[in-house]
Amino acid sequence: MRRAVCPGSFDPITNGHLDIIGRASRLYDVVHVAVMINQSKKGLFSVEERIGLIRDVTADYENIVVESHHGLLVDFCKDRDIPAIVKGLRAVSDFDYELQMAQMNNGLSGVETLFIPTNPTYSFLSSSLVKEVAAWGGDVSHLLPEIVHTALTERLAENKSATQDG
Ligand code: PNS
């Protein structure tokens, strides 16, 4: 079985993530989508909610397993015998940091990182930008799967009314 992992924060998953996960799923027998827990960063969605959204939007793929992990990505890989990390590269600006992480991960455990060039339609896309634009009322519906867009709209409305009530 050839296994790979697509790691990330996925807060929330975007069409750009989904494009990379789908392309990885055609290259590997099993693709693990790992929602990495970063306790110093409070997300808009809980880890369980992120996992639920990813499971929903990848339901048509038969070889995708969605999990969370608290700790080093190399340990997630070691525990599951995963030799490859698959990442999307959006632009040159991604490259410096991604290269550092790839080299660090390889030095720690020998795991390889493979970069897939992002579909140019999504080269500007990130979860943070989507959240910012949506929070100011901008239309991001074309950048997210429909159920994710609905969840985002609802969460932002909840947060807004909580702020107004408070
Ligand atoms: O979606 P993101 O936030 O850009 O993803 C970054 C992520 C979660 C893939 C990266 O921060 C990571 O791998 N974190 C897990 C902890 C770890 O292994 N850190 C060392 C990286 S060299």
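The values are calculated or read from the model by the stated rules, or taken from the named source; none is laboratory data. Remember, predicted model here, so these are calculated numbers, not experimental data. Neighbour counts run over all protein chains shown; Cβ positions are idealised from the backbone, glycine included. With ligands, DNA and RNA removed, areas are computed over all heavy atoms of the protein, side chains included. Shrake-Rupley method; radii C 1.70, N 1.55, O 1.52, S 1.80 Å.
Between Glu48 and Ser68, what is 0.36 nm times their sequence separation minus the Cα-Cα distance? Round to one decimal in nm.
Separation in residues times 0.36 nm, less the Cα-Cα distance, equals 6.4 nm.
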Leu27-Lys160 FRET efficiency (beta carbon distance; Förster radius 35 Å; 0.05 resolution): 0.25
Could you work out how far helix 92-109 tilts from the main Cα principal axis of the chain, as a 0 to 90 degree angle to the nearest 10? 50
Would you mind telling me the share, in percent, of accessible area of the chain contributed by carbon and sulfur at probe 1.4 angstrom? 52
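Can you bin segment 10-107 into rounded, prolate or oblate? Criterion: square roots of the alpha carbon gyration tensor eigenvalues sorted a ≥ b ≥ c, rounded for a/c under 1.5, prolate for a/b above b/c, oblate for the rest.
On the way: a/c = 1.27, a/b = 1.14, b/c = 1.12.
It is rounded, given that a/c, with a ≥ b ≥ c, falls under 1.5.
Can you tell me the dipole magnitude for segment 3-124 around its Cα centre, using point charges on the Cβ only (Lys, Arg +1; Asp, Glu -1), in Debye to the nearest 20?
Numbers: 11 positive and 16 negative charges, 31 e Å.
For segment 3-124, the charge dipole is close to 140 debye.
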Residues meeting the amide H criterion for Val66 (H placed from the backbone, H to H distance under 5 Å, 5 or more places apart or on another chain) are Val33
Using Cα centres only, tell me the gap between segment 49-64 and segment 107-166 in whole Å. 16
Relative contact order in percent for segment 3-124 (Cα pairs under 8 Å, 6+ apart) equals 31
For the chain, with every protein chain kept in place, what is the accessible area per residue (1.4 Å probe, Å²)? 57
Tell me the accessible surface of Glu158 in square angstrom (1.4 angstrom probe, heavy atoms of protein chains only), to the nearest ten. 90
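Once a ≥ b ≥ c are taken as the square roots of the eigenvalues of the Cα gyration tensor of segment 53-166, is the result rounded (a/c under 1.5), prolate (a/b larger than b/c) or oblate (a/b not larger than b/c)?
Working: a/c = 1.98, a/b = 1.74, b/c = 1.14.
Prolate.
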Kindly list the residues of segment 135-158 that lie in the label zone of Asp60, defined by a backbone N under 14 Å from the point 7 Å along the Cα-to-C-beta vector. 145-147
Once the Cα atoms of helix 146-165 and of the chain are each reduced to a long axis, what angle between those two axes, in degrees from 0 to 90 to the nearest 10, is obtained? 50
